[in-house]
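Dumping the structure here so I can ask a few things about it.
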Amino acid sequence: MTKTRHATVIGVPLDYGASKRGASGGPAAVRRANLVELLEALGLDVSDAGDLPVPKVAPAAKGKLKNGAAILKVCRELESQCYEAVANGSTPITLGGDHSLAVGSVSGVARAFRDKGRKVGLIWVDAHADINTPETSPTGNVHGMPLAHLLGMGHKDFARLGGFSPKVDPRNVVLVGIRDVDRAEAVNIRKSGIRVFSMQEIDRYGMGVVTEQAIDMASDGTAGFHVSFDIDCVDPGNAPGTGTIKRGGLTYRESHLFMELAADSERALGLDLAEVNPLEDTQNATAVLAAELIASAMGKNIY
Ligand SMILES: [Mn+2]
């Protein structure tokens, strides 16, 4: 994935950003699928930092930024752990947990490179655009907002996490795999100036071409890119264990191909594998896929 041969695994057992509970079990499910062993078999030096503490709160039923205080606390801690990992020459791998965690991980990676005067790119692989703000969100679910926050929109406490905003230049941000976008999100996408490859472009041009272009865009003038991968980008036939399924997604091979090409680029700086929800899963199949995909991102090849 990167030139570093060290990875730091950070579990984020968070589900306050989603409507359905249960993504809090994602990190344990992915570890049970032998993630650490798979990575060590690649010759990586792996530190498992365990799970971040998540405050126990009664999940809010309504609001514009539901459970915002608890989520912000988790994102702050994750920001600091990802910053430290990068500063120590490691590649942070976060296991979700709902996708609101990405504000923490991407912010930490971005701050570590900012210290060296470098920008980072971001490739967001997802069925959804995750670019609502508290004002535009129809649900108030924070896992629908992280990309907006990283681009400097939305709630200022999230947008300014780590002390600066935006975290990424829109010209280095690429959305891949989207197929379920709210009307207000479509407006936010156009306003933001980020690049988008929806499922339609993937169908037309193929996953290889789309991934190569995404990597080029995210790499242009940057130290490299972070990959924030929501398992719901994969077709529900292969990844049923997630809270917001949408059919018409990436195949098994398309999702692996993305990770393999990210690894081959040697430009990836960090990885999120979010939204694995064992309560929605069948025989832990989605967690097994998640562990395999992480291994592909860290350099596992077919031969
Ligand atoms: Mn997402």
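Quick one: check the C-alpha center-to-center distance for region 270-287 versus region 33-95, whole angstrom.
Answer, in whole Å: 15.
Could you state the accessible area per residue of region 6-297 in Å², with a 1.4 Å probe and every protein chain left in place?
Value for region 6-297: 37 Å² per residue.
Near the amide H of VAL196, under 5 Å away, which other amide H atoms are found, from residues 5 or more places off or on another chain, if H is placed in the peptide plane?
Residues meeting the amide H criterion: LEU175.
Just need the relative contact order of region 6-297 here, percent rounded to a whole number, with Cα pairs under 8 Å and 6+ apart.
23
Using modelled amide H (1.01 Å from N, peptide plane; none on Pro or chain starts), what sits under 5 Å from the amide H of ASP15, excluding residues fewer than 5 places away?
SER24, ASP98
So if I take the centroid of the Cα atoms in region 198-221 and the same for region 98-133, what is the distance between those two points in Å?
Their Cα centres are 18 Å away from one another.
Taking a virtual spin label 7 Å from the Cα of LYS20 along the C-beta vector, which residues in region 278-300 bring their backbone nitrogen under 19 Å of it?
278-291
Which of ALA218, ALA58, ALA127 ends up with the largest GNM mean-square fluctuation for the chain, with Cα atoms connected below 10 Å?
Highest fluctuation among the options: ALA58.
Restrict the search to region 216-303; then list the trypsin sites (Lys or Arg not before Pro) that DSSP places in a loop and that have at most 11 other Cβ atoms within 10 Å of their Cβ.
For trypsin sites (Lys or Arg not before Pro) across region 216-303 that sit outside H, G, I, E and B with at most 11 neighbouring Cβ atoms in 10 Å, the list reads ARG247.
Estimate the FRET efficiency between ASN301 and VAL36 by the formula 1/(1 + (r/R0)^6), using the beta-carbon distance for r and 22 Å for R0, to the nearest 0.05.
For R0 = 22 Å, the calculated efficiency reads 0.70.
Same structure again: Could you give me the ³J(HN,Hα) list for region 141-148, computed from phi with Karplus coefficients 6.51, -1.76, 1.60 and θ = phi - 60°, whole Hz, x at Gly and Pro?
For region 141-148, the Karplus curve yields 6, 5, 6, x, 10, x, 5, 4 Hz.
What dipole magnitude, in Debye to the nearest 20, does the chain give about its Cα centre under +1 on Lys/Arg Cβ and -1 on Asp/Glu Cβ?
920
Taking the chain as a Gaussian network, where each spring joins two C-alpha atoms under 10 Å apart, which residue of SER265, SER90, SER228 fluctuates the most?
SER265
First compute the accessible area of the chain with a 1.4 Å probe, then give the percent of it belonging to carbon and sulfur atoms.
49
Could I ask something else about it? Determine ³J(HN,Hα), in whole Hz, for all residues of region 241-256 in sequence, where each value follows from phi through the Karplus function 6.51 cos²θ - 1.76 cosθ + 1.60 and θ = phi - 60°; x replaces Gly and Pro.
The phi angles translate into x, 8, x, 10, 6, 8, 6, x, x, 5, 6, 4, 6, 4, 5, 5 Hz.
Subtracting the Cα-Cα distance from 0.36 nm times the residue separation, let me have the gained length for SER47 to GLU84 in nm, one decimal.
Residue separation times 0.36 nm, minus the Cα-Cα distance, leaves 12.1 nm.
Could you sort 47-53, 285-291 so that the peptide with the highest average Cβ count within 10 Å comes first and the rest follow in order?
285-291, 47-53
Filter the GluC sites (Glu not before Pro) in region 229-303 down to the DSSP loop ones having no more than 15 other Cβ atoms within 10 Å, then list what survives.
Here the sparse-neighbourhood loop sites are GLU266.
Out of region 152-225, which chymotrypsin sites (Phe, Trp or Tyr not before Pro) are coil in DSSP terms and have no more than 15 other C-beta atoms within 10 Å?
Of the chymotrypsin sites (Phe, Trp or Tyr not before Pro), the ones in loops of region 152-225 whose Cβ has at most 15 other Cβ atoms within 10 Å are PHE164.
Take the alpha carbon atoms of region 6-297, find their radius of gyration, then divide it by 2.2 N^0.38 Å using N residues; give the quotient.
Rounded to two decimals, the normalised Rg is 0.88.
Check which residues have an amide H placed less than 5 Å from ALA268's amide H, if you skip close sequence neighbours.
Under 5 Å from the amide H of ALA268 lie the amide H atoms of PHE225, each far enough along the sequence or on another chain.
Ok, one more. Pop out the ³J(HN,Hα) list for region 78-88 in order, Karplus 6.51 cos²θ - 1.76 cosθ + 1.60 with θ = phi - 60°, rounded to Hz; leave Gly and Pro as x.
5, 4, 5, 5, 5, 4, 4, 4, 5, 4, 8
Under a straight-distance cross-link criterion of Cα-Cα below 26 Å, which lysines are reachable from LYS56, leaving out those fewer than 8 residues away in the same chain?
LYS20, LYS64, LYS66, LYS73, LYS156
Quick one: Cα centre-to-centre distance for region 230-249 and region 153-197, in angstrom?
If we compute the Cα centre of each part, the gap is 21 Å.
Oh, and also: When Lys and Arg each count +1 and Asp and Glu each count -1, what net charge do the other residues less than 15 Å away from GLY206, Cβ to Cβ, add up to?
Once all neighbours under 15 Å are counted, the net charge is -3.
Moving on to the next point. Order the peptides 102-113, 145-156 from the highest to the lowest mean number of other Cβ atoms within 10 Å of their residues.
Ranking, from highest mean packing down: 102-113, 145-156.
The values are calculated or read from the model by the stated rules, or taken from the named source; none is laboratory data. As the structure is a computational prediction, the values presented were derived from the model and not from experiment. A quick note on method: Cβ atoms are made from the backbone with ideal geometry, for glycine too, and the neighbour counts reach across all protein chains shown. What goes into the accessible areas is simple: the full protein's heavy atoms, side chains included, and nothing from ligands, DNA or RNA. Shrake-Rupley method; radii C 1.70, N 1.55, O 1.52, S 1.80 Å.
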